[in-house]
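Structure, as structure tokens:
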Amino acid sequence: MGSPTVNVVRYTALFTGVVYGWYHRRTLQAAHDVHKIEAAAHQREHLVAQAKEAWIKKQQAPKAGSDALVTDPEDPRFDLEKLIKHWEAAAYVWESCEMRVPPDRDISFRSASMSASSLTGSCFCGAAAYRVSGPPTLSAYCHCTRCQQMSGAPCIWTIHFPAAAFSWTTPEALLDGYVTEGKPYKTRYRCKTCGACVASHNVKTESWSIWGGQLERDERAEIKGFDAVKPTAHIFFETAVIGVSDGLSKWVGYEGKSAQI
């Protein structure tokens, strides 16, 4: 049996070894967890890149049939005359779809005058994208508390389209869905990569809503086709947190379906 001093040294060494082993194990576990998270992030980025690349190839692939439009000059089927005619036809459609609503025309006539051409939009990183066509059923600045909390902004520019006018142009596997509390019929979709909310689907009204600020822009950073979808009112203005004097009408609820302020 050892002396008290030897026992103290022995147990101190034992305790120190146990503490070190515990600390070392925690350090290794933490490093492993970090590596696992980073590996998962890299894998997700790789999958997103693969999906985008596959989608681009699919979009660029020539369509079957002799009437398919070939835009690659190196392709032996390239027909410059056919391409020019295609561009002229597209330009004519766009010019003929400008908004021509007389100042005294009621807003209910919007659908007869707005552009019938399609517009595209996407999330911040571009991994989640969509296309809308035809005239919107609503285009307004929304000041409701839900939109304020969802976006963190005083208001958002919301544009509503019939369900048939909306389609995703990127794989839906890149999206997350969130069912709004209190509205089980409405699902908001966000990009898994950048986290930005992209669109909402309302099965009750069979409509989709998008945020105007996410629509595609031209080289001057202006919204393409803005005149066809520009806001016409401020809605749910009773909960507005900023003053607005842009000449647009203000409503308690939806435009034309509630009391005007």
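Overview of values
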item	result
Extended-chain gain in nm, criterion 0.36 nm per residue less alpha-carbon gap, A196 and Y23	58.3 nm
Loop sites in the stretch 116-214: GluC sites (Glu not before Pro), DSSP, at most 14 other Cβ within 10 Å	E181, E206
Relative contact order (percent, whole number), the stretch 116-250, Cα cutoff 8 Å, 6+ residue spacing	29 percent
Estimated FRET transfer efficiency (H42, F124; beta-carbon r; R0 22 Å; 0.05)	0.65
Cα gyration tensor shape for the stretch 156-261, rounded if a/c is under 1.5, else prolate or oblate	oblate
Full-stretch length increase - T5, S167 - with 0.36 nm per residue and alpha-carbon distance subtracted	50.3 nm
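Bear in mind these aren't lab numbers, they're just calculated from the coordinates by the rules spelled out. The model shown is predicted, which means the values in this text are computed figures rather than measured ones. Cβ: placed from backbone, ideal geometry, glycine included. Neighbour counts: every protein chain shown.
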